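Peer 1: Before we start, here is the structure in question, set down as structure tokens.
Nothing in this text is a laboratory measurement; each read-out follows from the coordinates by a stated rule. Treat the numbers as computed from the prediction; the structure is a model and nothing was measured. All Cβ positions, even for glycine, are placed from backbone atoms using ideal geometry, and neighbour counts span all protein chains on display.
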Amino acid sequence: MGNEVLVTQYQSPVVRRRHIASALGGVPYWIVAGAFLLPIAACTVGPNFTAPVAPLAEKFRDVNNRSVQSGPREYERWWEGFRDPTLNKLIQITYNQNLTLLSAGTRVLQARAVLGIAIGIAYPQVQQGVGSVLNNKSSAATPLSPPNATPSYFWTDALAAQVAWELDFWGKFRRGVESADAAYLASIASYDGVLVSLLADVTATYIGIRTTEQLIRIARDNVRKQEQALSIAKAKYQGGGTSELDVFQATNVLEQTRAAIPQLTIQLQQGENALCVLLGVPPQSLGMVLSRSVGRIPSPPRTVVVGIPADLLRRRPDVRAAELAALAQSAQIGVAETQLYPAISITGTFGGSASTANGHTLADVVNWKGVAYAAGPSFQWNLLNYGQITNNVRLQDAKLQQLLVDYQNTVLSAQQEVDNGLATYSQSVNQAAFLRRSVQAANGALKIALEQYEQGATSFTTVLTAEQNLFQAQSSLAGALANVPLGLTAVFRALGGGWQIRVDSNFVTAATVEQMRTRTDWGNLLPPVNEPQRPAPGLPGPEDIGPTVRPPEW
């Protein structure tokens with residue numbers, strides 16, 4: 001991906017028509033159009049797809065919050081708002097190397113090949129055959145055969161071709177192309193959905209790593225402060241100013257704080273391992289990549305701009321994928337309904353045969369004297385199907401209804417995810433403000449408690465309470481500071497931001513393209529390596545369904 005990714009691309013109808021013209025080469029397009037004129041003149045059964053109505057709120061719930069504003073905005077590179085160069089580098093590496101994304105790209109290629117199959121089925125299907133048989137005529141069976149009779153051994157050769165073309169009177173093949181095209185576009189939208197989730201996962205994992213690093217620093221800082229308190233308690237005990245109880249209590253709190261560091265280190269390594277998988281590399285130390293010495297929890301912008309819920313319908317890949325899946329299934333109803341009507345085909349055979357028994361040679365197989373041919377229409381109508389066809393139509397319709405409900409549920413879930421993310425973001429901002437003051441107060445309380453303890457004005461219990469309160473307040477503040485960018489990440493994930501970095505609808509790496517071309521002839525479905533790169537044209541939608549009659553893709 002990035003500068004290394006090349007693959008077949010989603011094309012608008014205009015671009016599709018241009019590719020059709022080039023695919024025909026020297027064949028005039030009117031020949032293909034004329035060949036399909038008769039089927040196109042017939043009807044196309046089945047429902048024409050209508051975009052489902054989705055339940056939408058007028059606005060998101062938190063837009064009145066001072067940290068959340070409503071207005072138009074694109075979210076192409078939303079992570080750059082954190083102003084963290086390390087995160088930006090990780091995002092690019094992930095886009096170039098992530099295996100889950102590459103797997104999604106291969107599913108796009110599969111769907112594109114299925115579309116090519118659907119296109120090819122509409123054309124005349126030709127089968128050729130060549131045969132050669134050695135015949136043996138027993139002399140015992142014909143003892144009185146004249147000298148010029150058929151020899152005992154002779155060859156019979158035959159060459160034949162059969163053609164069958166089912167005319168698309170009812171739109172069976174056109175609906176099939178429509179369905180396959182919608183499924184292909186849905187696979188692109190699904191790829192974009194994987195990319196959106198992947199970018200959010202990388203960001204969230206990175207924030208988790210930085211948060212764990214911060215918690216380790218907090219624990220170590222508190223260890224130093226608690227070691228100081230333990231030294232004071234030991235000095236007072238050795239001077240006879242207090243009992244050994246203070247020493248034991250100080251040691252207990254200190255060791256518990258120290259014990260938190262190994263657990264945090266485990267979390268840090270697990271976070272790094274998770275990030276390695278997202279980067280497409282084996283688990284390893286990421287110290288050089290993360291620049292841990294200067295690491296910090298990413299700081300988000302003070303405000304976030306969101307649009308309106310209706311924007312989700314055009315921006316979220318999973319919403320588009322759900323709509324296109326419903327479109328593909330709607331066309332399948334038409335395919336099923338065509339079985340209720342007669343299938344009319346044009347069939348023909350053409351071939352020749354020759355036998356050495358008659359003095360012919362193999363070359364006489366293609367001699368017009370030995371050629372026979374036949375052509376004519378055929379008619380097939382499955383009348384006695386005992387409700388199988390009707391119930392298959394009902395089955396396809398029920399599947400469509402399920403997908404329409406799934407689409408509505410996807411839209412509802414999208415709005416829920418945005419609102420949840422906004423709530424986490426805005427309320428974590430407030431929580432962090434409170435906890436900052438709490439940490440300041442806890443620092444002051446510990447300082448005063450130590451001074452009073454040294455002077456004998458308070459018990460060591462006060463010092464212990466102050467130590468524990470400070471550690472807890474600092475840890476809670478780190479969690480709140482992490483929840484702010486995590487909430488914002490959830491918002492951008494829910495808003496469908498990030499898929500726009502896809503380069504010109506490219507879905508697999510150049511190395512993958514080369515590997516696949518080495519195994520298989522992919523024709524024009526995989527572009528040449530030197531193809532110029534352009535920005536992604538946009539999320540696919542029903543408006544991008546191409547013509548249902550197209551030339552075959554060899």
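Peer 1: What value in Å³ per residue do you get for the convex hull of the alpha-carbon atoms in region 433-554?
Peer 2: That works out to 215 Å³ per residue.
Peer 1: Give the order of Thr251, Thr338 when sorted by the count of other beta carbons within 10 angstrom, beginning with the fewest.
Peer 2: Working: Thr251 14, Thr338 23.
Fewest-to-most ranking of Thr251, Thr338: Thr251, Thr338.
Peer 1: Turning to a different aspect of this structure: For region 421-554, what's the relative contact order in percent, using C-alpha pairs closer than 8 Å and at least 6 residues apart? Each step should come with its number before you reach the end.
Peer 2: Numbers: 84 pairs, mean separation 39.4, N = 134.
Averaging sequence separation for qualifying contacts and normalising by length gives 29 percent for region 421-554.
Peer 1: Can you run phi through the Karplus equation (6.51, -1.76, 1.60; θ = phi - 60°) for region 487-499 and list ³J(HN,Hα) in whole Hz, with x for Gly and Pro?
Peer 2: Karplus-based 3J(HN,Hα) across region 487-499 equals x, 5, 4, 5, 5, 5, 4, 5, 6, x, x, x, 5 Hz.
Peer 1: Show me, for region 387-399, the HN-Hα J-couplings you get by feeding each phi into the Karplus relation (A = 6.51, B = -1.76, C = 1.60, θ = phi - 60°), rounded to Hz, glycine and proline as x.
Peer 2: These are the phi-based 3J(HN,Hα) values: x, 5, 5, 4, 6, 5, 4, 4, 4, 5, 5, 5, 4 Hz.
Peer 1: Based solely on C-alpha atoms, express the radius of gyration and the Dmax of region 183-230 in angstrom.
Peer 2: Over region 183-230's Cα set, Rg and Dmax evaluate to 20.7, 68 Å.
Peer 1: With only Lys, Arg, Asp and Glu charged, each at its Cβ (+1 for the first two, -1 for the last two), find how big the charge dipole of region 160-282 is about the Cα centre; round to the nearest 20 debye. Before the final figure, lay out the partial values.
Peer 2: Details: 11 positive and 13 negative charges, 108 e Å.
With Lys and Arg at +1 and Asp and Glu at -1, about 520 debye.
Peer 1: I need Thr257, Thr489 ordered by Cβ neighbour count within 10 Å, fewest first. Mind dumping the intermediate values first?
Peer 2: Values: Thr257 22, Thr489 27.
By the 10 Å Cβ count, ascending: Thr257, Thr489.
Peer 1: Here's another thing I want to ask about it. Given just the C-alpha atoms of region 173-282, how large is their convex hull per residue in cubic angstrom? All intermediate terms of the calculation are to be shown ahead of the outcome.
Peer 2: Values: hull volume 11.5 nm³, N = 110.
About 104 Å³ per residue, rounded to a whole number.
Peer 1: Still on this structure, please answer the following. At a 10 Å Cβ-Cβ cut-off, how would you order Cys276, Cys43, fewest neighbours first? Walk me through the numbers on the way to the answer.
Peer 2: Details: Cys276 17, Cys43 9.
Result, fewest neighbours first: Cys43, Cys276.
Peer 1: For region 446-503, what does the equivalent ellipsoid look like in terms of its semi-axes, each the square root of 5 times an eigenvalue of the Cα gyration tensor, given largest first in whole Å? All intermediate terms of the calculation are to be shown ahead of the outcome.
Peer 2: Details: eigenvalues 451, 13, 6 Å².
Ellipsoid half-lengths, sorted descending, are 47, 8, 6 Å.
Peer 1: Using the Cα centre of region 149-278 as origin and beta-carbon charges of +1 (Lys, Arg) and -1 (Asp, Glu), tell me which of Ala233, Leu215, Ala164 is placed farthest towards the positive end of the dipole.
Peer 2: Going by the charge dipole, the pick is Ala233.
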